[in-house]
Structures are given as C-alpha cells and as structure tokens.
Amino acid sequence: MKIAAAQNILTLLAMAMLFAAQPARAGGEEISAPPLPDAPQPQADAPKTAPCSPAQHGAEAVPCPLWPAKNWFERFLSGPDVKPMTSAEKARLAARNVLDPFNALTIVGASAIAVGSDADSPYGPGMKGLGRNVGVSYTQDITGEFFGTFLIPSIVHQDPHYHRMPRASIPRRVGNAIVQVVWTRGDNGQDMVNYADLVGFAIDDEIGNLYVPGQRTNLPSSAERYATGLAIAPVDNFITEFLPDVARRIHIRVVLIQRIINRVARTETVAGQ
C-alpha cells in the first residue's frame, strides 16, 4: 500500500511540474504572463530579436527549448540569475533540478553507499535494496522540488533562489546563509518569511511518512525530523555561498561535490530517525 501510494505521489507531482512548465496557449499562440507589479521593465534600447524567435524577413525560426542548455559550473561561480519568476519558470526550475544529471549520479551513488554499508536496512540488500533506495530518494526529491521550488513559492510569490553576498565579510556571509532558511526574498525583491522551507519541510516529512521504509510516523519523530531538517538546511546555503570562491581558486568542476554533500545530509537525517 505504501509503495503504491509513493508511486502515485511520484507520478502526480512529476506530471504537475511538467504541465505547469508548459506555456499556456490559446488558438495556437502563447499567452505571455502579465508582468509582476515590481518587476523591472525592459529597456527601450533592448534588442528586438532574441536567440530563440519566430522567423522574420525570411530567416529561419529558432525554437525555444523547455530546458535550455546551461553551463552548470558557471551557474555556481556567478550565482543564479535573480529576477522575478513566473509560476511556469518556477516549475521549469523544479523540473531541471530533478532531471539534473548530477542529481541522478549522486542519488545512485549515495543509495549504493547506504545499501552497501548496511545490508539490514529497511531497504534490503543487493540490487533490490538499491532500487528501492533510489526510488525513495527520487520521490523525496520530486516532492521537495514540487512544494519548495514550485507550488509554495508560486502561491506566496517567493523567490526560490538562494541569494549570495560574495562581496560581504565572512561573518556576514555565514549569517546570511543561516538567516535565509527562515527569511528570504519575494518576487518583488522585498524581504519575506521563507515559507518554502518552514512549510515545505513539514509537508515533505508528512508525505514521506507514507512511503519511506522504517520511518517512524508518530508526532514526536516527525517533529524531531522537522527540527533536524531546519538545523541542517544552512549546510546547503553554506555550500552555495562559498563553493564558487573555492572553485575560482582550484579551477575544477565542483558542482558534483555540492550534490554529494547535500544528498548525504538528507539521507543521514532520514536514516537517523
């Protein structure tokens, strides 16, 4: 029953994210989302044509891909593009996070380590245990991205990005990483409560009670996991804040390191409860 429920949750959330990521159409034409009240307006001298645009004056049309190619390493060097995001853009961001090849690699790697180091875990030994562990980890990822990157930020108009302070002092950057767990920015650039973390963590844990093997589902255990999740949440922010500085000095691709640390932090939290 719990496995079937997990499969249903996985399917529904994945379909919802992909559906929301598609632009609305009417009569074959795309309907652009209305600009936010405080969104920056385009400059008068902005170029008239974009890299992806319909054919003009006999030029060949260039379609806009749903998931445009990016240099993922540069993304962590310079930080995310901070701008007001529509609900469709938040859905695309959530879907890209789930489908990121680094995400798949670290889920499989962390699951293999967990199963290989504890044959008596609730997932079981061997390839069957590995498959169950990978499935649960992906379900947790999709649930977290759906609520924490797409749904809750769309409802409360929260910017799902982490906002770095690369030019501030080290103590201030450390404080910024901790504070953003509970206090972040909205789509309009103003400070606001981080509902995606404070509410999203609780929703993720309650849904996890339906399918995570061996997870205690009573209220004290859920409250302990929630508190632990908030306590370790700054780890992800620390990595995003300081990893680009390290990357500039050692000149290697370190995105995978961030993914591995994030994955280990999450899996160890669940395993300890």
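Step through the residues of the stretch 198-206 one at a time and calculate ³J(HN,Hα) from phi using the Karplus curve (6.51 cos²θ - 1.76 cosθ + 1.60, θ = phi - 60°), rounding each to whole Hz and writing x for Gly and Pro.
With coefficients 6.51, -1.76 and 1.60, one gets 5, 8, x, 4, 5, 5, 4, 5, 5 Hz.
Once you put a point 7 Å from the Cα of A104 and another 7 Å from the Cα of V246, both along the Cβ direction, what distance in nm separates them?
For the pair A104/V246, the computed spacing is 2.6 nm.
Per residue, how big is the convex hull around the C-alpha atoms of the stretch 84-168? Give it to me in cubic angstrom, could you?
On the way: hull volume 11.0 nm³, N = 85.
Dividing the Cα hull volume of the stretch 84-168 by its residue count gives 129 Å³.
Defining a contact as two alpha carbons under 8 Å apart and six or more residues distant in sequence, what relative contact order in percent does the stretch 176-253 show? Write out the running numbers ahead of the final one.
On the way: 47 pairs, mean separation 22.9, N = 78.
Worked out over the stretch 176-253, it gives 29 percent.
What base-10 log of the normalised intensity I(q)/I(0) is obtained for the stretch 108-237 from the Debye formula, alpha carbons as equal point scatterers, at q = 0.16, 0.18, 0.22 Å⁻¹?
So the normalised log intensities work out to -0.90, -1.04, -1.25.
Using alpha-carbon pairs under 8 Å, 6+ residues apart, how would you state the relative contact order of the stretch 81-240 in percent? Please report the intermediate quantities before stating the final value.
Working: 163 pairs, mean separation 35.9, N = 160.
Once divided by the residue count of the stretch 81-240, the mean separation gives 22 percent.
I'd like the trypsin sites (Lys or Arg not before Pro) in the stretch 140-200 restricted to DSSP loop residues with at most 12 other Cβ atoms within 10 Å, sorted by number. Spell out each step's value before the answer.
Numbers: sites: R164, R167, R172, R173, R185; in loops: R164, R167.
Qualifying residues, ordered by number: R167.
All of the numbers you see were taken from the coordinates with simple rules; none came from a lab. Computed from a predicted model, the values in this text were never measured in an experiment. Here the Cβ is made from the backbone with ideal geometry for all residues, glycine too, and neighbour counts use every protein chain on show.
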